[in-house]
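First the structure, in the form of structure tokens, and then the observations on it.
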Amino acid sequence: MTDENRIDGLIADLQEGSMTVRRAATDELGASGEAAIEPLIDVMFESDNDVRWYAARALVRIGEASVEPLLQAMHARKNQNFRRYAMAALAGIGAPAVESLIAIIEEGDPDLRPFAAMAICKIGEPAIDPLLRMMQHPDPEMQECAALLLWKMGEPGAAEALTAALETGRP
């Protein structure tokens, strides 16, 4: 069986299997690496939220290699449920997704910015320094976004860093 056929079979298991079968398929797809990214993104777009959840978990297991394909798909595909699960995957990937999520906020896309903000808040501590740098952005709106995200995160160290940055004018 080719890798492509195996991945297609695992995708089918995500869509139609029992919970045990779906969990096993999620683990195997996550271990499949980059070859599974596009099929997982496609099934996230085409399926219901249960399948999206399992696909997102597999993308988290794949990790950093999933970040750019997820972001490209979010720009291209306007489905709000798809975007919500894609951002959940990015939040689960964590630190490797932070700079790309900051870039989405800086782009100013009103449809994507809230999703990026939620993911950054979920990522937490790894986002503090990039957000502090964003507070030095020439656009006051970006500075405000960074300050609000730092405040919303509630991450230990974020409030202190935000206060110090506001008092001194630099991160």
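The values are calculated or read from the model by the stated rules, or taken from the named source; none is laboratory data. On a predicted model such as this, the values are computed, not experimentally measured, just so you know. Using ideal geometry, Cβ is built from the backbone for each residue, glycine included, and neighbour counts are taken over all protein chains shown. Protein only, heavy atoms only, side chains kept; ligands, DNA and RNA dropped before computing areas. Shrake-Rupley method; radii C 1.70, N 1.55, O 1.52, S 1.80 Å.
Over the chain, what is the mean sequence separation of C-alpha contacts under 8 Å (at least six apart), divided by residue count, expressed as relative contact order in percent? Could you put the intermediate results ahead of the total?
On the way: 212 pairs, mean separation 23.2, N = 171.
RCO, the chain: 14 percent.
Mind giving me the nanometre distance, one decimal, between the label points for ASP109 and ASP48, set 7 Å out from Cα along Cα→Cβ?
Placing both labels 7 Å beyond Cα along the Cβ direction yields 2.8 nm.
Of the heavy-atom accessible surface of the range 13-123 (probe 1.4 angstrom), what whole percent is carbon and sulfur?
Roughly 48 percent of what the probe reaches on the range 13-123 is carbon or sulfur.
So how far apart, in nm, are the two label points at ALA31 and GLU64 if each is 7 Å from Cα heading toward Cβ?
2.3 nm
So how much slack lies between GLN136 and GLU38, counting 0.36 nm per residue of separation and subtracting their Cα-Cα distance, in nm? Please report the intermediate quantities before stating the final value.
On the way: separation 98, 0.36 × 98 = 35.28 nm, distance 3.61 nm.
Separation in residues times 0.36 nm, less the Cα-Cα distance, equals 31.7 nm.
With labels modelled as points extended 7 Å from the Cα through the Cβ direction, what inter-label distance (nm, one decimal) is found for THR20 paired with GLN80?
So the label points at THR20 and GLN80 sit 3.8 nm apart.
Just subtract the alpha-carbon distance of LYS122 and SER100 from 0.36 nm times their residue separation and send over the number in nm, one decimal.
Roughly 6.5 nm would be gained on extension.
Can you tell me the accessible area per residue over the range 57-102, all protein chains present, probe 1.4 angstrom, in square angstrom? Before the final figure, lay out the partial values.
On the way: 1830 Å² over 46 residues.
So the range 57-102 comes to 40 Å² accessible per residue, rounded to a whole number.
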